[in-house]
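**Q** This structure is in structure tokens; I'll ask about it shortly.
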Amino acid sequence: YFSKDDIQSQLAAKYDLLVNISPETFQYAIIDSVLHECKTLVEFEIPPLTTTSDLIKAVENLPESHRQFRFAFNKVKIAFNSSNYTFIPESLYLEADQQDYGKYLDLNNDSELLVNTISSADIKNVISIDSHLKTALENIFQKPRIYNQTVPFLEGVQKSLEREDELVFFIDVQPKHFQIAFFKDFRLEFYNTFEYANADEFNYFLLSVIQSLEIQLKHTRVIISGKISSSDEIYKRIEKYFDSIRFIDSEHLVKYSEKFKEVLPHTFSTLFNLDLCE
């Protein structure tokens, strides 16, 4: 989308590299860690992938990867899409039991466990990652911190809550999946991710969540991020149920140029939310 400056390797230590890998796209941003300003924003479409090996090859073959990705950035944070995770309340989590938590996941001989903290919800997120993918990311990038999509999403939406937001749905829409979180009085009450093929399937899952949580539609606000605009069929399905709908504002996370505003900042919300992850 744009690059404000040519990032030189000797200046990389003042920048953060944020990377978001989904089944459909590969996004990255280079952020001035002092000014909190976006210097570079890039998105590649990823061809249909069937195996983890395909994903690794796609990332390794990105046109700019071998020039900038190996720079010694201040921080490198990567989010990858995965539904193979579990939440453990931080008050109950014991590091000595980490391998036992893996029993809740679909593991194989190539699996490794990552543990991330979702500070805003007092949750430990235990994630299974393919060891080959983890090794590839560590070879491509300098000392990356790796998360799955739940961590930046939940950390970011918590920052978007306002005092009048007693009941709020956050929905992050991607071409083949969406994340949804429900907050009541600033506390996370529900989170899940769903795969969908069309607007009807999206509507089915959304309505199921509304009914199971007994949502008060007229008193609940909806804040949307991701690959969606107000003219999309998905948006129209959300509009069927809720009166108060808006797109998430990314400007409290990072400064960006007028050129960037033309490409709908809410599209890159998960990418920029990585800056909030520790």
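The values are calculated or read from the model by the stated rules, or taken from the named source; none is laboratory data. Because the structure is predicted, anything quoted here is derived from the model rather than measured. Neighbour counts are summed over all protein chains in view; Cβ atoms, including those assigned to glycine, are modelled from backbone coordinates with ideal geometry. Only protein heavy atoms, including side chains, enter the accessible area calculation; ligands, DNA and RNA are left aside. Shrake-Rupley method; radii C 1.70, N 1.55, O 1.52, S 1.80 Å.
**Q** Please compare each pair in LYS77/LYS176; LYS218/LYS255; LYS143/LYS184; LYS134/LYS255 to a cut-off of 25 Å on the Cα-Cα distance and tell me which ones are over it.
**A** Table pairs above 25 Å Cα-Cα are LYS218/LYS255; LYS143/LYS184; LYS134/LYS255.
**Q** Give me log10 I(q)/I(0) at q = 0.07, 0.12 Å⁻¹ for the chain, Debye formula, one equal scatterer per alpha-carbon, no solvent.
**A** -0.25, -0.78
**Q** Okay, next question. Report the convex hull volume per residue for region 203-278, counting only C-alpha atoms, in Å³. It would help to have the intermediate numbers written out before the result.
**A** On the way: hull volume 9.3 nm³, N = 76.
Taking the convex hull of the Cα positions in region 203-278, it is 123 Å³ per residue.
**Q** Could you derive backbone 3J(HN,Hα) for region 92-107 from the dihedral phi with the Karplus parameters 6.51, -1.76 and 1.60 (θ = phi - 60°), listing whole Hz in sequence and x where the residue is Gly or Pro?
**A** 9, 6, 10, 4, 5, 9, 4, 5, 5, 5, x, 5, 7, 10, 8, 10
**Q** Connecting C-alpha atoms closer than 10 Å in a GNM of the chain, tell me which of VAL126, VAL157, VAL42 has the biggest fluctuation.
**A** Result for the chain, Cα springs under 10 Å: VAL42 fluctuates most.
**Q** Using Cα pairs closer than 8 Å and at least 6 residues apart in sequence, work out the relative contact order for the chain, in percent.
**A** Computed over the chain, the figure is 18 percent.
**Q** Can you tell which of GLN68, GLN211, GLN158 shows the greatest fluctuation in a Gaussian network model of the chain with Cα springs below 10 Å?
**A** Evaluated over the chain, the most mobile residue of the options is GLN211.
**Q** Using per-residue counts of other Cβ atoms within 10 Å, averaged over each peptide, order 17-25, 128-136, 45-53, 106-114 from highest down.
**A** Per-residue Cβ counts within 10 Å, averaged per peptide and sorted highest first, yield 17-25, 128-136, 106-114, 45-53.
**Q** List every residue whose amide H lies under 5 Å from the amide H of ILE46, counting only residues 5 or more places away in sequence or on a different chain, with H placed 1.01 Å from N in the peptide plane.
**A** Here THR25, PHE26 satisfy the definition.
**Q** Still on this structure: Mean-square fluctuation check for the chain, GNM, Cα pairs under 10 Å: which of LYS57, LYS255, LYS124 is largest?
**A** Among LYS57, LYS255, LYS124, the largest mean-square fluctuation in the Gaussian network model of the chain belongs to LYS57.
**Q** Under the rule a/c < 1.5 gives rounded, and otherwise a/b versus b/c splits prolate from oblate, where does region 19-136 land using the Cα gyration tensor?
**A** Taking the square roots of the gyration eigenvalues as a ≥ b ≥ c, region 19-136 is oblate.
**Q** Along the positive direction of the dipole of region 60-113 (beta-carbon charges: Lys, Arg +1; Asp, Glu -1; about the Cα centre), which of ASN81, GLN98, PHE71 reaches farthest?
**A** Positive-most Cα among the choices belongs to PHE71.
**Q** In region 134-205, with Lys and Arg counted as +1 and Asp and Glu as -1 at Cβ, which of these residues, VAL157, TYR147, PHE205, has the Cα nearest the positive end of the dipole, that is, farthest along it?
**A** Of the candidates, TYR147 comes out farthest on the positive side.
**Q** Compute the separation of the alpha-carbon centres of region 196-225 and region 99-150 and state it in Å as a whole number.
**A** Cα centres, region 196-225 to region 99-150: 29 Å.
**Q** Across every pair of different alpha-carbon atoms, what Kirkwood hydrodynamic radius in Å does region 144-205 reach?
**A** 12.7 Å
**Q** Can you give me the long-range amide H partners of LYS227? Hydrogens built in the peptide plane at 1.01 Å from N, cutoff under 5 Å, separation of 5 or more residues or another chain.
**A** When sequence neighbours closer than 5 places are left aside, the close amide H contacts are VAL173, GLN174.
**Q** Using the crude model of +1 on Lys and Arg Cβ and -1 on Asp and Glu Cβ, and no other charge, please compute the dipole size for region 76-175 relative to its Cα centre, in debye to 20.
**A** Magnitude of the dipole: close to 360 debye.
**Q** Counting only DSSP beta bridges with both residues in region 108-249, tell me the antiparallel percent, nearest 5.
**A** Bridges in region 108-249 are about 70 percent antiparallel.
**Q** Another one. What spacing in nm lies between the two simple spin-label points modelled at GLU162 and SER83, each 7 Å away from Cα in the Cβ direction?
**A** About 3.4 nm, to one decimal.
**Q** Out of all DSSP beta bridges with both ends in the chain, state the antiparallel percent to the nearest 5.
**A** 70 percent
**Q** Under a point-charge model restricted to the Cβ atoms of Lys and Arg (+1) and Asp and Glu (-1), what is the dipole moment magnitude of the chain relative to its Cα centre, in debye to the nearest 20?
**A** With Lys and Arg at +1 and Asp and Glu at -1, about 460 debye.
**Q** Where only protein heavy atoms count, and the probe is 1.4 Å, what is the accessible area per residue for the chain in Å²?
**A** On the way: 13610 Å² over 278 residues.
On a per-residue basis, the chain sits at 49 Å².
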